[in-house]
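Asker: Right, I'll just put the structure down here and ask away after.
The values are calculated or read from the model by the stated rules, or taken from the named source; none is laboratory data. Quick caveat: nothing in here was measured; it's all calculated off a predicted structure. No Cβ is skipped: glycine too gets one built from the backbone with ideal geometry, and neighbour counts run over all protein chains shown. Heavy atoms of the whole protein, side chains included, go into the accessibility calculation; ligands, DNA and RNA do not. Shrake-Rupley method; radii C 1.70, N 1.55, O 1.52, S 1.80 Å.
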Amino acid sequence: NKKAFVELLFWKSPAAVREMTEGYSSLREGEGAGRSRVPPWTPQEEQELRELYWKYKEVEGEDIIAAILAHLPAPGRTRRQVVKQLVRL
């Protein structure tokens, strides 16, 4: 590829570098950047998150996010995902 030097001018993720060195079809489905994709929030999960936030926001001396995570029905969510979703809402 004669124009590959242009790609070197920009920052790359490890998955992109692997694609460049091993060929652009080297990443199979389910590997690389797509593997770490976070599942989207459903409307029911968003509503539950809102309700839990309003329930625990007035409790003093307690970590709101920890309380929400303890009562969130979706067990696979991380603290960072919950905080990011609350900010987005």
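Asker: Mind listing whichever residues of segment 33-81 are open to solvent by less than 60 Å² (accessible area, probe 1.4 Å), under 27 Å from Pro14 (Cβ atoms) and in a helix (DSSP H, G or I)?
Answerer: Listed by number, the residues that qualify are Gly34, Gln81.
Asker: On the basis of being under 17 Å from the mean Cα position of the chain (by Cα) and at pLDDT 80 or above, does Arg77 make the cut? Give the derivation first.
Answerer: Values: under 17 Å from the mean Cα position of the chain (by Cα): yes; at pLDDT 80 or above: yes.
The answer is yes for Arg77.
Asker: May I ask you to list pairs of residues, at least six apart or on different chains, whose Cβ atoms are under 8 Å apart, with the first in segment 42-66 being touching a residue at least 40 places away in the same chain (Cβ under 8 Å) and the second being aliphatic (A, V, I, L, M) and outside any loop (DSSP other than H, G, I, E, B)?
Answerer: Leu49/Ile68; Leu49/Val82; Leu49/Leu86
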